[in-house]
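Below is one structure, written out as structure tokens; comments come after it.
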Amino acid sequence: MATYTHGQPSPSGGDAKLRRPMVIEILEKKIEYLRKEKTLNIYGTAVFGTTASFSGVLANFIFRHCFKVKHDALKTYTSLTTLPFLSTIVAYKLFVTDALYSGNISKENCVLRSSLIGIVCGVLYPSALAFTKNGRLAVKYHTVPLPPKGRVLHYWLTLCQTEIKAMVIPLVFQTVVGVFNCLQHYAIFESTLEKTVYED
């Protein structure tokens, strides 16, 4: 005889036994989907950060050559490698990954954000950092003539305007890597979401 609780029959023991393996299987599949997505996401973001590090190395090399700086090579190369890497990863997580998980971002917006992160964190920030660090070393060790008063920034930019054009290469490369990484991440996220909903 079936037992009633609030007017509803309780599931039989056989139904409960059948449901339990199904629930476990669905949970295992969801965990596997999320594990794959997380692995690919970490890999793609690490590659994005690594390309920013190479951009920092190139920027440091260019400005050290322009300012004829020979001192503190390890110090400048270390900071120009680690800081762009970390800033790119943190910015991508905050503005792209977290926005994807919250569901408040379109594909176009995702591409735009990733491109801007690549340009700002992967090119502009390393260039500005290399410029300031090596500029200070140039002044400290008098490797180049001091700029005239009132035209400091113009003097420094004129000094390295030819070599700095090489930064167009990482600019294009960072933008392409950012767009590719974002599109791949967006596709994986959508695929995982669809599979999870389908399993439900």
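Before moving on, here are some points about what is shown:
- Options F189, F85, F173: the member that is open to solvent by less than 40 Å² (accessible area, probe 1.4 Å) and in contact (Cβ under 8 Å) with a residue 24 or more places away in the chain: F189
- Positions within segment 59-82 being open to solvent by 60 Å² or more (accessible area, probe 1.4 Å), out of contact with any Ser or Thr (no Cβ under 8 Å at 6 or more places or on another chain) and not aromatic (F, W, Y), in sequence order: H65, H71, D72, L74, K75, T78
- Checked against (1) within 24 Å of F95 (Cβ to Cβ); (2) surrounded by fewer than 17 Cβ atoms within 10 Å (Cβ to Cβ); (3) among the hydroxyl-bearing types (S, T, Y), Y155 passes all but a single condition, namely (1).
- Hey, V96 at pLDDT below 95 and among the hydrophobic types (A, V, I, L, M, F, W, C) or not: yes
- Criterion applied to Y101, Y125 was being touching a helix residue (DSSP H, G or I) at 6+ places or on another chain (Cβ under 9 Å), open to solvent by 90 Å² or more (accessible area, probe 1.4 Å) and in a helix (DSSP H, G or I), and the one residue passing it is Y101.
- Hey, F61 part of a helix (DSSP H, G or I) and touching a residue at least 24 places away in the same chain (Cβ under 8 Å) or not: no
- Matching residues, segment 160-183, being within 15 Å of A128 (Cα to Cα) and not β-branched (V, I, T): C160, Q161, E163, K165, A166, M167, P170, L171
- Residues in segment 91-122 that are more than 16 Å from Q184 (Cβ to Cβ) and in contact with a Gly (Cβ under 9 Å, 6 or more places away or on another chain): L116, I119, C121, G122.
- For segment 27-41, the criterion of being part of a helix (DSSP H, G or I), out of contact with any strand residue (DSSP E or B) (no Cβ under 6 Å at 6 or more places or on another chain), open to solvent by less than 30 Å² (accessible area, probe 1.4 Å) and at pLDDT 60 or above is met by at least one residue.
- For I117, the criteria (1) open to solvent by 60 Å² or more (accessible area, probe 1.4 Å); (2) modelled with pLDDT of 95 or more hold in every case but one, which is (1).
- Residue check, S106 of a type in the set (S, T, N, Q), surrounded by 18 or more Cβ atoms within 10 Å (Cβ to Cβ) and farther than 23 Å from I62 by Cα: no
The values are calculated or read from the model by the stated rules, or taken from the named source; none is laboratory data. The model shown is predicted, which means the values in this text are computed figures rather than measured ones. Positions of Cβ are generated from backbone atoms using ideal geometry, with glycine treated the same way; all protein chains shown enter the neighbour counts. Side chains included, ligands, DNA and RNA excluded: accessible areas come from the protein's heavy atoms. Shrake-Rupley method; radii C 1.70, N 1.55, O 1.52, S 1.80 Å.
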